[in-house]
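Asker: I have a structure here, written as structure tokens, and I will follow up with some questions on it.
Every read-out reported here was derived from the displayed coordinates using simple, explicitly stated rules and does not represent laboratory data. Owing to the predicted nature of the structure, the values given are computational and were not obtained by experimental measurement. Positions of Cβ are backbone-derived with ideal geometry, glycine not excepted, and every protein chain shown enters the neighbour counts.
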Amino acid sequence: MFDIFLDDAPALVVVLPLLISAIIAFMPSKIWPWIISIITLLLHLFFSLHLLKEISVSGLIIYEFGNWEPPWGISFKIDGVNIGLQLLFSIFVLVSTFYSRKIFLNEIDYRDFGKAYSLWLLAVGSLNGIILTNDIFNLFVFLEISALASISLIALGAGQNRKALLAAFNYLIIGAIGATFYVIGVGFAYAMTGTLNMNDLVIQLAQYFDGQLAIFAGMSFMLIGLMVKAAIFPVHIWLPPAYSYAPSAVSTLLAALATKTILYFFVRLLYEVFIIYPSYLSLFLDFVLYPLSLLAIFIGTVIAIYQDDIKKLLAFSSIAQIGYITLAFSLKDHSGVASGFVHIFNHALIKGGLFMAVGYFAILYKDRVTLNSLKGFGYKYPITSFALLICGLSLIGLPLTNGFISKLYLFQALYTNQMYFSIALVAVSSALAVVYFWKIVEQMWFSEIKFKSEKEDAYIYLPIWIVTISIIVFGIYSTPIIEFSNLSADYLISGYQN
Amino acid sequence: MVGGLIIIITSQNYLKKVVGLAIFQTAVFVFFVSLAKVLDGTAPILTKMANAYSNPLPHVLILTAIVVGVATSALGLALVLQIYKNYETIEEKEIESLELKSDK
């Protein structure tokens with residue numbers, strides 16, 4: 001029955017959530033929007049698996065919208081670079097949607113349920129569009145849809161704390177400036193080359209233009225715009241308030257996937273298009289991205305230590321983790337890009353799990369979760385607390401968790417590039433991560449107050465444990481993640497060495 | 001373009017920031033449309049008079065971008081309205097002092 005749809009699978013993974021989102025927007029029910037979203041995302045996963053099967057046979061799918069050939073029409077491209085991310089995205093969205101219902105029930109008005117899931121699917125569809133698109137202007141549209149949907153979702157947190165409105169407003173202003181910068185860059189690129197398709201752009205740039213200033217200006221505008229959106233260090237200021245005042249389910253989705261998809265596009269733009277100007281690329285990577293990553297790692301971790309609010313602490317630790325990813329991407333070789341992708345996968349799982357567990361605590365505690373409020377939670381809610389502990393250890397990078405695999409590959413990549421200073425800094429920052437995570441553990445298990453354990457909600461701890469178990473499984477059996485990351489790096493780096 | 005950015009950065013009023021953003025975006029749209037002009041070109045309609053046509057594609061792109069810009073402004077204004085309902089002010093400094101008080 002699905003056969004007739006399978007050819008259009010690349011388009012459907014994006015279009016299906018967008019279509020369904022329009023349908024469920026005005027449903028006044030407490031349960032139906034959720035059920036329909038789950039069914040939609042199961043179909044989404046089915047199509048993603050189909051894409052994986054196709055890719056393992058052919059290695060490359062170019063989907064042309066309306067059968068317009070690529071340089072003229074808009075196209076989606078699926079290849080070794082994004083198939084792994086697509087699969088992770090599909091699975092994680094399904095798990096977090098399963099988790100989100102009980103959280104939304106507690107945090108937002110039930111009359112807003114249909115609208116909340118409508119925005120949720122809108123964000124999912126457009127983020128997936130960012131993963132698949134092969135057209136630089138199309139990317140801008142998806143970027144803005146996802147930003148507007150996430151801003152509205154963040155503003156839903158206003159029922160809990162009115163600061164959510166300010167956080168959403170700041171995200172709107174800063175995000176829109178970033179997106180507009182990106183469009184200016186696209187304008188320069190289009191003015192010079194007359195094309196928006198990424199593959200065609202490479203060809204045009206390589207043939208006709210060498211070292212023209214307009215191109216460099218355009219490239220810089222595009223990169224700065226994307227850096228704002230991906231929350232790379234000096235332009236990250238919208239992220240911590242946005243993550244910490246959003247409803248917990250929303251922070252889970254955004255922290256795990258939103259910045260990751262944009263980081264993916266960022267690296268693809270760098271290594272697939274801008275690669276034809278190696279001098280410009282290495283200038284940007286060595287003198288902009290590399291120092292900024294180191295600063296992000298250090299400052300993000302230090303600020304996280306001084307946070308009292310747990311969600312804010314996690315948000316600042318996200319800044320540091322994005323720093324690890326961009327540090328890996330700034331290395332310009334196969335090992336660096338591969339380790340960056342490994343950390344994209346692993347960090348999505350870790351931060352997703354942490355935000356899920358903390359979100360559940362926020363509901364149980366019925367207030368913002370601060371360090372003090374966690375007293376004795378380790379005994380009171382053992383199932384969720386234990387999951388939080390494992391995710392936290394993985395964040396630090398202990399063996400047997402997937403965080404360790406990330407750190408291992410990052411160290412290897414840095415070592416082969418002989419960047420001993422960065423190795424030291426990453427090691428110090430990992431040690432500092434122990435400090436802020438220990439503060440949480442201390443409150444949860446070693447405070448004087450003891451509680452009897454209370455009943456926990458299986459609908460909530462089940463998805464948390466699915467993520468936690470996957471963290472352990474990928475810590476011991478890391479082959480799938482390594483394979484996907486190597487595949488991505490193979491595709492991206494092969495262009496660089498030729 | 002720069003004017004819009006300056007408004008966003010310097011003004012203390014949230015409403016003015018949204019307007020500044022709209023000006024900034026409109027400036028970029030005009031930049032795009034100006035790219036499309038071909039010297040001696042006319043509108044891209046087949047006639048015997050024309051010897052060159054202007055490029056219609058940037059106009060189409062900007063049509064999309066205008067829609068995005070309208071949505072952004074609308075959401076921004078809706079947020080400003082909600083902020084006013086919750087804080088009874090939309091001046092950045094007053095809200096900051098309100099928050100400082102509530103933290104204590």
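Asker: How much length, in nm to one decimal, is gained on full extension between A:ILE39 and A:LYS452, taken as 0.36 nm per residue of separation minus their Cα-Cα distance? Walk me through the intermediate numbers first.
Answerer: Working: separation 413, 0.36 × 413 = 148.68 nm, distance 3.82 nm.
144.9 nm is the gain from fully extending A:ILE39 to A:LYS452.
Asker: Add +1 for every Lys or Arg and -1 for every Asp or Glu among the other residues with Cβ under 12 Å from the Cβ of A:PRO382, and state the total.
Answerer: Numbers: positive: A:LYS380, A:LYS452, A:LYS455; negative: A:GLU454, A:GLU456.
Combined, the nearby Lys, Arg, Asp and Glu give +1.
Asker: Suppose every K and R has +1 on its Cβ and every D and E has -1 on its Cβ; what is the size of the dipole of the stretch B:2-103 about the Cα centre, in Debye to the nearest 20? All intermediate terms of the calculation are to be shown ahead of the outcome.
Answerer: Details: 7 positive and 8 negative charges, 107 e Å.
That gives the stretch B:2-103 a dipole magnitude of about 520 debye.
Asker: What's the local net charge at A:MET419, with K and R +1, D and E -1, over the other residues with C-beta under 14 Å away?
Answerer: Numbers: positive: A:LYS332; negative: A:ASP286, A:ASP333.
Net local charge, A:MET419 excluded: -1.
Asker: Taking the stretch A:248-347 as the region of interest, what is the percent of Cα-Cα pairs per 5 angstrom bin, listed from the shortest bin to the one with the maximum distance?
Answerer: Whole-percent P(r) values from 0 Å outward: 3, 13, 21, 23, 18, 11, 7, 3, 1, 0.
Asker: Let me ask something else. Once you charge only the Cβ atoms, +1 for Lys and Arg and -1 for Asp and Glu, what is the size of the charge dipole of chain A about its Cα centre, to the nearest 20 debye?
Answerer: Numbers: 25 positive and 27 negative charges, 357 e Å.
Dipole magnitude for chain A comes out near 1720 debye.
Asker: Here is a follow-up. Given the stretch A:298-408, report the % of alpha carbon pairs whose separation exceeds 25 Å. List each step's numbers first, then the result.
Answerer: Numbers: 1505 of 6105 pairs.
In whole percent, the share of Cα-Cα pairs in the stretch A:298-408 beyond 25 Å is 25.
Asker: Where the centre of each part is set by its Cα atoms, how far does the stretch A:91-149 sit from the stretch A:297-333, in angstrom?
Answerer: Cα centroid to Cα centroid, the span is 24 Å.
Asker: Could you derive backbone 3J(HN,Hα) for the stretch A:93-102 from the dihedral phi with the Karplus parameters 6.51, -1.76 and 1.60 (θ = phi - 60°), listing whole Hz in sequence and x where the residue is Gly or Pro?
Answerer: These are the phi-based 3J(HN,Hα) values: 4, 4, 4, 6, 5, 4, 5, 5, 4, 5 Hz.
Asker: To continue, here is another question. Mind checking which of A:VAL250, A:THR133, A:LEU121 is farthest towards the positive end of chain A's charge dipole, using Cβ charges of +1 (Lys, Arg) and -1 (Asp, Glu) about the Cα centre?
Answerer: A:VAL250
Asker: May I pose another question? For the stretch A:232-237, what does the Karplus curve 6.51 cos²θ - 1.76 cosθ + 1.60, with θ = phi - 60°, yield as ³J(HN,Hα) per residue in whole Hz, taken in order and with x for Gly and Pro?
Answerer: Using θ = phi - 60°, the values come out as 7, 2, x, 10, 9, 4 Hz.
Asker: Any chance you could list P(r) for the stretch A:386-487, counting all Cα-Cα pairs in 10 angstrom bins from zero, rounded to whole %?
Answerer: Percent of pairs per bin, in order: 14, 34, 34, 14, 5, 0.
Asker: So, counting K/R as plus one and D/E as minus one, what does the shell of residues with Cβ under 13 Å around A:ILE262 add up to? Working shown, then result.
Answerer: On the way: positive: A:LYS229, A:LYS260, A:ARG268; negative: A:GLU144.
Cβ neighbours under 13 Å give a net charge of +2.
Asker: Starting from the Cα gyration tensor of the stretch A:13-54, multiply each eigenvalue by 5, take the square root, and state the resulting semi-axes largest first in whole Å.
Answerer: Working: eigenvalues 115, 23, 3 Å².
Those come to 24, 11, 4 Å.
Asker: Would you work out the Kirkwood radius for the stretch B:5-104? I mean one over the mean of 1/r across all pairs of different Cα atoms, in Å.
Answerer: 16.5 Å
Asker: I've got another one for you. When the C-alpha atoms of the stretch A:158-297 are aligned to their principal axes, what extent does each axis show, in angstrom, from largest down?
Answerer: 56, 31, 21
Asker: Also, quick follow-up: For the stretch A:316-370, go through all pairs of different Cα atoms, get the mean of 1/r, take its inverse, and jot down that Kirkwood value in Å. Numbers along the way, then the final one.
Answerer: Details: mean 1/r = 0.0794 Å⁻¹.
Roughly 12.6 Å, rounded to one decimal.
Asker: Ok, one more. Given H placed 1.01 Å from N in the peptide plane, which residues other than close sequence neighbours of B:ASN55 have an amide H under 5 Å from its amide H?
Answerer: Counting only residues 5 or more places away or on other chains, the set is B:VAL38.
Asker: Output the pairs from A:LYS163/B:LYS93; A:LYS115/A:LYS312; A:LYS407/A:LYS439; A:LYS366/B:LYS93; A:LYS366/A:LYS439; B:LYS17/B:LYS93 with a Cα-Cα distance over 18 Å in this structure; if there are none, say none. The partial results should precede the final answer.
Answerer: Values: A:LYS163/B:LYS93 14 Å; A:LYS115/A:LYS312 26 Å; A:LYS407/A:LYS439 22 Å; A:LYS366/B:LYS93 30 Å; A:LYS366/A:LYS439 21 Å; B:LYS17/B:LYS93 14 Å.
A:LYS115/A:LYS312; A:LYS407/A:LYS439; A:LYS366/B:LYS93; A:LYS366/A:LYS439, as the Cα separations exceed 18 Å there.
Asker: Further question on the same structure: What list of ³J(HN,Hα) values in whole Hz, one per residue of the stretch A:13-22 in order, does the Karplus curve 6.51 cos²θ - 1.76 cosθ + 1.60 (θ = phi - 60°) give from phi, with Gly and Pro shown as x?
Answerer: Once θ is set to phi - 60°, the couplings for the stretch A:13-22 become 4, 8, 6, 4, x, 5, 5, 4, 4, 5 Hz.
Asker: So, one more: Computed over the Cα atoms of chain A, what is the convex hull's projected area averaged over all directions, in nm²?
Answerer: Numbers: hull surface 87.4 nm².
Its Cα hull, projected and averaged over all orientations, spans 21.9 nm².
Asker: Taking only the alpha-carbon positions of the stretch A:287-498 and ignoring solvent, what does the Debye formula give for the base-10 log of I(q)/I(0) at q = 0.15, 0.17 Å⁻¹?
Answerer: -0.91, -1.12
Asker: I've got another one for you. Hey, if you put +1 on the Cβ of every Lys and Arg and -1 on every Asp and Glu Cβ in the stretch A:1-133, which of A:PHE47, A:PRO10, A:PHE26 ends up farthest toward the positive end of that dipole?
Answerer: Looking along the dipole axis, the top candidate is A:PHE26.
Asker: Using alpha carbons only, what's the Rg to Rh ratio of the stretch A:280-328 with Rh from Kirkwood? Present the calculation step by step, with values, prior to reporting the outcome.
Answerer: Working: Rg = 12.3 Å, Rh = 11.0 Å.
So for the stretch A:280-328, dividing Rg by the Kirkwood Rh gives 1.11.
Asker: Oh, and also: Taking Cα pairs under 8 Å and at least six residues apart, what relative contact order does chain A come out at, in percent?
Answerer: On the way: 802 pairs, mean separation 73.3, N = 498.
This gives 15 percent for chain A.
Asker: Oh, and also: How large is the dipole of the stretch A:287-498 about the Cα centre if only Lys and Arg carry +1 and Asp and Glu carry -1, each at its Cβ, rounded to the nearest 20 debye?
Answerer: Numbers: 13 positive and 11 negative charges, 84 e Å.
The calculated dipole for the stretch A:287-498 is roughly 400 debye.
Asker: In deg cm²/dmol and to the nearest 500, what is the mean residue ellipticity at 222 nm of chain B if only DSSP H runs of at least 4 residues count, each as -39500 (n - 2.57), divided by the residue total?
Answerer: Using -39500 (n - 2.57) per qualifying helix, the result is -24500 deg cm²/dmol.
Asker: At 20 °C and 1.002 mPa s, grab the translational diffusion coefficient of the stretch A:186-248 from Stokes-Einstein with a Kirkwood Rh over Cα pairs, rounded to a whole number in µm² per second.
Answerer: On the way: Rh = 13.7 Å.
In µm²/s, the coefficient rounds to 157.
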